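Structure record follows, encoded as C-alpha cells.
The values are calculated or read from the model by the stated rules, or taken from the named source; none is laboratory data. Computed from a prediction, not measured in an experiment: that's the story for all the values here. Quick reminder, even Gly has a Cβ in these numbers, built from the backbone with ideal geometry, and neighbours come from all protein chains shown. Keep in mind that these areas ignore ligands, DNA and RNA; they rest on the heavy atoms of the full protein, side chains included. Shrake-Rupley method; radii C 1.70, N 1.55, O 1.52, S 1.80 Å.
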Amino acid sequence: MNQTSPPESAASQVITEALGRWQAMGLRERRALSLTGALILVFSVWAIALQPALQTLAKAPAELDRLEVQLQEMYRMMGESRELRGIAPVSATQAIASMQSATDRLGQQGRVTIQGDRITLTLINASPEALKEWLLEVRSAARARPLEAQLNRSITGYSGTILLVMGSSS
C-alpha cells in the first residue's frame, strides 16, 4: 500500500488536468499557446539576464574614465603629501608671522584668530583668488591645513569661517 500525501496528489491532479486540457485543444490553439509561452520566456531572459548586462557594458567605458581621473588625482595628492612631509617644520613664531602676513594681504576681507595650534579665518566677501592665495600661502609657509569650512558664496565673494590647524603632522 503506497499512499501519496495530499500535496503530492493535488499537484499530480493539477498536472493531469493541464495535460487533459492540452490534449483537448486544437492544433492552432496549442501552437498559439506554445508561441505565447516562448515569447514570455524570451522576454523574461532578456529582462532578467541580458538587458542589465548590456547596460553595464554600455556604462563601463565612462565609469572607467571617471575612475581613472579619480585615481590620477589621488596619485597627485599622494605625491603632494610626500612632498609636504619632506619639508622641514617651521617654528610657531614663523608660522604665526606667515599667517599674519598672508592675512594682511586680504585687507578688510579677512581676520584671523589664533588659539594654540588652531587658526580661525573669518572672511567677508573675499574673492576666490584671494582665498586661494591665502590658503596656498598658509599651507606652505605656516604648515597649516584646513579642518573645517563654513562658507557662503555671493556675487561679491566668500563670507564665513575656515578652521585650520598648524603643525607639520599631516
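Take the residues in region 117-129 that are hydrophobic (A, V, I, L, M, F, W, C) and touching a Gly at 6+ places or on another chain (Cβ under 8 Å), then tell me which one is nearest to Q94 (Cα to Cα).
That would be L121.
Across region 150-170, which residue is modelled with the lowest pLDDT among those that are assigned to a strand (DSSP E or B) and under 17 Å from M99 (Cα atoms)?
Taking the candidates together, the pick is M166.
Report whether or not R30 is part of a helix (DSSP H, G or I), of a type in the set (K, R) and over 53 Å from the mean Cα position of the chain (by Cα).
Against the criterion (part of a helix (DSSP H, G or I), of a type in the set (K, R) and over 53 Å from the mean Cα position of the chain (by Cα)), R30 qualifies.
Condition first: without any contact (Cβ under 8 Å) to a residue 60 or more places away in the chain, open to solvent by 70 Å² or more (accessible area, probe 1.4 Å) and under 27 Å from T113 (Cα atoms). Now tell me which residues in region 73-97 satisfy that.
T93, Q94
Would you point out which residue out of R82, R66 is of a type outside the set (V, I, T) and more than 20 Å from the chain's Cα centre (by Cα)?
Residue meeting the stated conditions: R82.
Is it fair to say I119 is open to solvent by 40 Å² or more (accessible area, probe 1.4 Å), in contact with a helix residue (DSSP H, G or I) (Cβ under 7 Å, 6 or more places away or on another chain) and free of Cβ contacts under 8 Å to residues at least 60 places away in the same chain?
no
Just to be sure I understand, how many residues within region 55-91 are within 21 Å of V165 (Cβ to Cβ) and among the hydroxyl-bearing types (S, T, Y)?
Number satisfying all stated conditions: 2.
Regarding Q109, is this residue open to solvent by 70 Å² or more (accessible area, probe 1.4 Å), of a type in the set (S, T, N, Q), free of Cβ contacts under 8 Å to residues at least 60 places away in the same chain and within 30 Å of A144 (Cα to Cα)?
Considered against the rule, which asks whether it is open to solvent by 70 Å² or more (accessible area, probe 1.4 Å), of a type in the set (S, T, N, Q), free of Cβ contacts under 8 Å to residues at least 60 places away in the same chain and within 30 Å of A144 (Cα to Cα), Q109 comes out as no.
Mind checking whether some residue in region 73-92 is of a type outside the set (A, V, I, L, M, F, W, C) and farther than 22 Å from R143 by Cα?
No: zero hits.
Using beta carbons and a limit of 7 Å, which pairs, at least six apart or on different chains, have the first residue in region 125-147 and of a type in the set (V, I, T) and the second one open to solvent by 10 Å² or more (accessible area, probe 1.4 Å) and not in a loop (DSSP other than H, G, I, E, B)?
Cβ pairs passing all conditions: V138/S98.
In region 140-166, how many are within 17 Å of E129 (Cβ to Cβ), surrounded by fewer than 14 Cβ atoms within 10 Å (Cβ to Cβ) and aliphatic (A, V, I, L, M)?
Going through region 140-166 one residue at a time, the tally reaches 2.
Which of (1) more than 30 Å from M166 (Cα to Cα); (2) open to solvent by less than 100 Å² (accessible area, probe 1.4 Å) is the odd one out, the single condition Q13 does not satisfy?
(2)
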